[in-house]
1. At 222 nm, what helix-only mean residue ellipticity would the chain give, in deg cm²/dmol to the nearest 500, using -39500 (n - 2.57) for each DSSP H run of four or more?
2. What are the lysines whose alpha-carbon lies under 22 Å from the alpha-carbon of Lys95, with same-chain residues fewer than 8 places away excluded?
3. Given a cut-off of 21 Å, name the pairs among Lys120/Lys244; Lys6/Lys83; Lys8/Lys165 whose C-alpha atoms lie farther apart than that in the structure shown.
4. Gap in Å between the Cα centre of the range 41-73 and the Cα centre of the range 171-186?
5. Between Ile202, Ile162, Ile271, find the one with the highest GNM mean-square fluctuation for the chain; connect C-alpha pairs within less than 10 Å.
6. Would you mind telling me which residue in Ala153, Ala145, Ala177 has the biggest mean-square fluctuation in a Gaussian network model of the chain, where springs connect alpha carbons within a distance under 10 angstrom?
7. Using a cut-off of 16 Å between alpha-carbon atoms, which aspartates and glutamates can reach Lys59, once sequence neighbours fewer than 8 places away in the same chain are excluded?
8. Kindly put Phe262, Phe133 in sequence by how many other C-beta atoms sit within 10 Å of each C-beta, fewest to most.
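A short reminder: the numbers here are calculations on the coordinates, not readings from a lab. These numbers were taken from a predicted model, which means no experiment stands behind them. When we count neighbours, we look across all protein chains shown, and the Cβ atoms used for this are built from the backbone with ideal geometry, even at glycine.
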Amino acid sequence: MIKNQKMKNRITRDILYVILFAAVFFLIQFIIEAGGAFVYGLARGLSFRTVLTGMAAGKYSELLTATVVLSSLITIALYGTLKWSPISRTYIKTKPWGVLFWVVFLALGIILPTEWIYEKIQLTIPEQTEQLFEGIMKQPWGYAAIGLLVPIAEEMVFRGGILRKLLDIFGQRWHWAAIAVSAILFGALHGNLAQGIHAFIIGLLLGWMYYRTKSIIPTVALHWVNNTVAYVMYNIMPQMNDGKLIDLFHGSDKMMYLGLGFSLCILIPSIIQLAVRMKPAK
């Protein structure tokens, strides 16, 4: 009886931690964005609502980028300092270079197949969301926000914090349930169906890697490559932002399917290699 009560208390505590981790993450973003809009509005003689609405539509891109950088830095500092997402060099000391090598290839191999799937089920990112990201990516230091800080901050929250507690709640036997819940929360963060489904799929891979390694280093690596590719593609091929996958192959179905086949030849071996190589540090 006492043992069961202690278990129930532990599960309740872990559920509250999951709620806390998610709530604080969203609260930091809201406060920094709202505070930035307020200060910017005062400095430029604009109303708070005008600036906030403009930021959501991709305007005031310098301010938008600054708020993403600041909120990410605060998140990293807070979750690290309070040990909500424990930081350790234990895993990197195992020299997991083979794992990181295949993580990069996994991130590259999944790009074309997922884009093809989204087009087939006719998922599109809302125009306002596209404008928001375009505003950040146009900035010279937008990569610091999207490519570097956001992957670290989100992995500390969703894998190092939320998934870590969910794995304690669900236990070893139901680890995929914990991974799925964390992926759903990660998808919900993005606020629209197209990005949400993409984030859910990536979230399942990220959750699997965290479960196998008990480290956010591989998950940060995958997240970093995914965001970096998006940033690079936007800046070197801006015409593709409104185009279809087939446009990348100059309208050739044959070349597109060859590209998809090549991607699968990268994706499948990457998953197999990671399944063999990934293990927690001892």
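1. -24500 deg cm²/dmol
2. List returned: Lys214, Lys279, Lys282.
3. Table pairs above 21 Å Cα-Cα are Lys6/Lys83.
4. What the calculation gives is 35 Å, centre to centre.
5. Sorting by GNM fluctuation, first place goes to Ile271.
6. Its mean-square fluctuation being the largest, the pick is Ala177.
7. Glu33, Glu127, Glu130, Glu134
8. Ascending Cβ contact count within 10 Å gives the list Phe262, Phe133.
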